[in-house]
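**Student:** Quick one: this structure, given as structure tokens, is what I'll be asking you about.
The values are calculated or read from the model by the stated rules, or taken from the named source; none is laboratory data. The shown structure was predicted, so the numbers you read here are calculated from the model rather than taken from an experiment. Note that we place each Cβ from the backbone using ideal geometry, even for glycine, and neighbour counts take in every protein chain shown.
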């Protein structure tokens, strides 16, 4: 992603648009990463961004991966 992006950060985002930094994703030699985290949010989406450091307060526009709704999922879809 370039020399200015040194960390991959996972975010939980509420339906109101509030982003919560869940922590840094550190890939291993195979490119796989794991993160165990909790959030007080009951409804949220997840995504990972590239950041200059892991303690950022707002996500950058460098989106790496985001979740998607599976076919047959029950519930409501909120566009944020």
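**Student:** As an exercise: evaluate residue 14 against (1) under 24 Å from residue 74 (Cβ atoms); (2) buried (at least 18 other Cβ atoms within 10 Å of the Cβ) and give the number of the one condition it does not meet.
**Tutor:** It fails just one condition, (2).
**Student:** Something else now. Surrounded by 11 or more Cβ atoms within 10 Å (Cβ to Cβ), part of a strand (DSSP E or B) and at pLDDT below 90 - does that describe any residue in the range 51-67?
**Tutor:** yes
**Student:** Here's another thing I want to ask about it. Mind listing just one residue for me: the one in the range 21-46 that is modelled with pLDDT under 95 and assigned to a strand (DSSP E or B) and, of those, surrounded by the fewest Cβ atoms within 10 Å (Cβ to Cβ)?
**Tutor:** 46
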